[in-house]
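Since the structure comes first, as structure tokens, the remarks are kept for the end.
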Amino acid sequence: MNNPADYITGLHHLTVSVGSAQEDIDFVTQVLGMRMIKQTVLFDGAASIYHLYYANADAEVGSVWTTFPFKKAGVYGRKGSGQIETSYFSVPTASLEFWVKHLNKHNVPHSGIIERFGDKMITFEDRCGIGMAVVGCDNDNRNAWETEEISKENGIRGLFGATIRSRDIIEMDFYLTKVLNFNKVGQDGDFHRYHIKDGGAQKTIELHHVPDMEQGSWTFAVGIPHHIAFATAKDEHNLELKAYIEGFGYTDVTELKDRNYFHSIYNRTPSGALFEFATSDIGFAIDEEENLLGHQLLLPPVFEHRREEIVKPLEEIVLPKYLQV
């Protein structure tokens, strides 16, 4: 039998909780220059909360950034260990000077061009404090979305990776290397880097050792990242992976959940960070045409009969011009 950890091919998506929906749409589509590909709602819990999806031009697995706007619900959390510290987006190295000017234009404080593990990058935060970075990566040939301000040549190709704050490195290192079969490739100060298979864009995870930092919130809350999703192929692989992870004693693995555009299992890691394993065999065009992704609010079939009830509390939003059809 294959090692079920080998079913993990890279990142599927990253998900965070943000402030207002409109503020998020404006920042991600104008400052990051990503394509808005889906308007739906949070499937868990009773509150009406948007779930907004963004991606590269081809809406590819591994390029997807998703957000839950929680400002209207008034839910705030605490930053700390056990959370995603920084989400990394892949851009050409030559574009980093452009990104310095672009972030300055939009009044986004940033680090300037810095270097870690030999990669040049710029770190910054969105309007509600979510940590982000653009990382120079010259062998990523994915198709960036183009905007009025950001050319295809300078745009975001997709996800590069993520850094997790962790009070303890030993247990999390075991989980990443012995359970998930990631490869530890180095240490740069308090940062430890791991590759999924051969590493690079979509296949890089880091731990930031923060032994004295208190545990952060695990809840949905403004300014708090929620989970990292890794890509698998299909349900059968996820079920094998679930049994495999549980066999190590990590028994808090969920049952298979239907997220409409993929099926998932979730596991709380030793650091406290939440990992999701999401299938790649369904996709985002099952309920709207590829050229119209994101143009209307879509609900999963099980929620459709409650549309009026669900939609009424949602914040009114103005979509990017290309979706105003």
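Select from the range 175-281 those GluC sites (Glu not before Pro) which occupy a DSSP coil region and have at most 15 other Cβ atoms within 10 Å, ordered by residue number.
GLU214, GLU255
With labels modelled as points extended 7 Å from the Cα through the Cβ direction, what inter-label distance (nm, one decimal) is found for PHE248 paired with THR93?
3.3
Given a Förster radius of 30 Å and the C-beta distance between ASP6 and GLU125 as r, what FRET efficiency does 1/(1 + (r/R0)^6) yield to the nearest 0.05?
0.30
Please calculate how many Å² of accessible area the range 114-261 carries per residue, with a 1.4 Å probe and no DNA, RNA or ligand atoms counted.
43
Given a 1.4 Å probe and every protein chain left where it sits, what share in percent of the accessible area of the chain is carbon and sulfur?
Accessible surface attributable to carbon and sulfur in the chain totals 49 percent.
With a ≥ b ≥ c taken as the square roots of the eigenvalues of the C-alpha gyration tensor of the range 219-291, please select rounded if a/c is under 1.5 and otherwise prolate if a/b is larger than b/c or oblate if it is not?
It is oblate, given that a/c is not under 1.5 and a/b is not larger than b/c.
Which entries in the list LYS120/LYS184; LYS152/LYS197; LYS79/LYS197; LYS38/LYS312 go over 22 Å, if you measure between the two C-alpha atoms of each?
LYS152/LYS197; LYS79/LYS197
Do the sum for the chain: with -39,500 (n - 2.57) for every DSSP H run of n ≥ 4, divided by all residues, what is the mean residue ellipticity at 222 nm, to the nearest 500 deg cm²/dmol?
-3000 deg cm²/dmol
Take the Cβ-Cβ distance between GLU153 and ASN183 as r, set R0 to 25 Å, and report the resulting FRET efficiency rounded to the nearest 0.05.
Approximately 0.20, to the nearest 0.05.
If the chain between ASN141 and ILE282 were fully stretched, how many nm would it gain, using 0.36 nm times the residue separation less the Cα-Cα distance?
The span from ASN141 to ILE282 would gain 48.5 nm if fully extended.
Under a point spin-label approximation (7 Å from Cα along Cα-to-Cβ), what is the GLU115-LYS234 distance to one decimal in nm?
4.6
Skip the ligands, DNA and RNA, and give the accessible area per residue of the range 1-56 with a 1.4 Å probe, whole Å².
In whole numbers, the range 1-56 has 24 Å² accessible per residue.
Could you tell me the calculated FRET efficiency between ASP190 and ASP58, based on Cβ-Cβ distance and R0 = 22 angstrom, to the nearest 0.05?
0.05
Figure the gain on full extension for ILE170 and ASN107 (residue separation times 0.36 nm, minus the Cα-Cα span) and round it to one decimal in nm.
18.8 nm
The values are calculated or read from the model by the stated rules, or taken from the named source; none is laboratory data. All values derive from a computational prediction rather than experimental measurement. As a convention, Cβ positions derive from the backbone with ideal geometry for all residues, glycine included, and neighbour counts pool all protein chains shown. Keep in mind that these areas ignore ligands, DNA and RNA; they rest on the heavy atoms of the full protein, side chains included. Shrake-Rupley method; radii C 1.70, N 1.55, O 1.52, S 1.80 Å.
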